[in-house]
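Q: Below is the structure I would like to discuss, written out as structure tokens.
The values are calculated or read from the model by the stated rules, or taken from the named source; none is laboratory data. Since this is a predicted model, take the numbers as computed values, not measurements. Glycine also receives a Cβ, built like all others from the backbone with ideal geometry; neighbour counts cover every protein chain displayed. Surface areas here come from the heavy atoms of the whole protein model, side chains and all, with no ligands, DNA or RNA. Shrake-Rupley method; radii C 1.70, N 1.55, O 1.52, S 1.80 Å.
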Amino acid sequence: MPKVAPEQLEKRKEEIIDACEKIYRTQGFFGVTIKGISTEITCTRPAIYHYFETKEEILMALLVREYERWVEALGAVRDCADSMTREELADAVAHTLENRDVLLRIQNMNLYDIEQNSRIEKLTEFKVLYQKLVVMLTEILKRYSEKIQESKLEPLCLTFFAFLFGVYSFVFHTEKQLESMRIAGVEQSDVTIYDMVYNCLIQILPEK
């Protein structure tokens, strides 16, 4: 592979991730292929393999990018968490996730397969970022209320993460799922990611 400037390498990598996101949004996990991505961008299929060994590694990179953006958004919440009420904090955090549907979809539906088919260094990059997110949420909780005991911080974060790993399937449904729910007489509620996250946080956050 010819020598390429670091900024050009990063640009190509982002181009690959962008194409992956486009396909994933419309066709899902099984619709994403290296060949399909190559038809969306200027890189050839062999060139993509210089950046990623599997489609799962590209999806992992997409998830990492989504996490980075979420951590950045949470930074603004952390900076003013000390002045917030419980309702205000729940609202602020819920807003950071209302447009993170790709993050939640990958995390809810495809993370196991992605982790199994990514090299250890790619998986480690994600785990480092995950830990950074835990630290960020812990800092938010500490600033929100000094009354929260240190021993309660980790259980609060774990409860919230356990909720996030299942929230996508409660908000988004395929046409087939909707039809089966109609036939079965299952009540369908028009709920959003924001609604779900806000209501969860109201339940688990202590009053100041």
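Q: Which residue is nearest to the chain's Cα centre (by Cα), if the candidates are limited to the stretch 132-142 and must be more than 17 Å from Arg69 (Cβ to Cβ) and open to solvent by 20 Å² or more (accessible area, probe 1.4 Å)?
A: Among those that are more than 17 Å from Arg69 (Cβ to Cβ) and open to solvent by 20 Å² or more (accessible area, probe 1.4 Å), it is Thr138.
Q: Inside the stretch 34-47, can you point out the residues that are among the β-branched types (Val, Ile, Thr) and over 10 Å from Cys20 (Cβ atoms)?
A: Thr39, Thr42, Thr44
Q: Right, next: Does Arg45 qualify as being in contact with a helix residue (DSSP H, G or I) (Cβ under 7 Å, 6 or more places away or on another chain) and within 19 Å of Val128 (Cβ to Cβ)?
A: Against the criterion (in contact with a helix residue (DSSP H, G or I) (Cβ under 7 Å, 6 or more places away or on another chain) and within 19 Å of Val128 (Cβ to Cβ)), Arg45 does not qualify.
Q: Being assigned to a helix (DSSP H, G or I) and in contact with a Lys or Arg (Cβ under 8 Å, 6 or more places away or on another chain) is the filter here; which residues of the stretch 48-66 pass it? Reasoning before the result, please.
A: Of the stretch 48-66, the ones assigned to a helix (DSSP H, G or I) are 48, 55-66.
Residues satisfying the conditions are Glu57, Met60, Ala61, Glu66.
Q: Another question, then. Of all residues in the stretch 55-78, how many are under 15 Å from Thr33 (Cα atoms), free of Cβ contacts under 8 Å to residues at least 60 places away in the same chain and under 13 Å from the mean Cα position of the chain (by Cα)?
A: Residues meeting the conditions: 2.
Q: Sticking with this one: Within the group Leu129, Leu104, which residue is modelled with pLDDT of 95 or more and under 17 Å from the mean Cα position of the chain (by Cα)?
A: Of the residues listed, the single one that is modelled with pLDDT of 95 or more and under 17 Å from the mean Cα position of the chain (by Cα) is Leu104.
Q: Of everything in the stretch 174-194, what is within 30 Å of Tyr144 (Cα to Cα) and either open to solvent by 50 Å² or more (accessible area, probe 1.4 Å) or touching a residue at least 24 places away in the same chain (Cβ under 8 Å) (or both)? Give them in sequence order.
A: Thr192, Ile193, Tyr194, listed by residue number.
Q: For the stretch 52-75, enumerate the residues that are open to solvent by 30 Å² or more (accessible area, probe 1.4 Å) and not charged (D, E, K, R).
A: Thr54, Ala73
Q: Let me ask something else. Could you check the stretch 23-45 and list, in sequence order, the residues that are open to solvent by 90 Å² or more (accessible area, probe 1.4 Å) and in a helix (DSSP H, G or I)?
A: Arg25, Thr26, Gln27, Phe30, Lys35, Arg45
Q: Among the residues of the stretch 147-158 satisfying the criterion of being in a helix (DSSP H, G or I) and surrounded by 13 or more Cβ atoms within 10 Å (Cβ to Cβ), which is farthest from the chain's Cα centre (by Cα)? Steps first, answer last, please.
A: Here is the first cut: in the stretch 147-158, the ones in a helix (DSSP H, G or I) are 150-158.
Cutting the leftovers down to surrounded by 13 or more Cβ atoms within 10 Å (Cβ to Cβ) gives us 153, 156-157.
Values: Leu153: 21, Leu156: 19, Cys157: 15 Å.
Restricting to residues being in a helix (DSSP H, G or I) and surrounded by 13 or more Cβ atoms within 10 Å (Cβ to Cβ), the top hit is Leu153.
Q: List every residue pair whose Cβ atoms sit under 9 Å apart, with the two residues 6 or more apart in sequence or on different chains, where the first one lies in the stretch 40-54 and is closer than 20 Å to Tyr24 by Cβ and the second, anywhere, is assigned to a helix (DSSP H, G or I) and open to solvent by 100 Å² or more (accessible area, probe 1.4 Å).
A: Taking only residues 6 or more apart or on different chains, the pairs are Glu40/Lys22; Arg45/Lys35.
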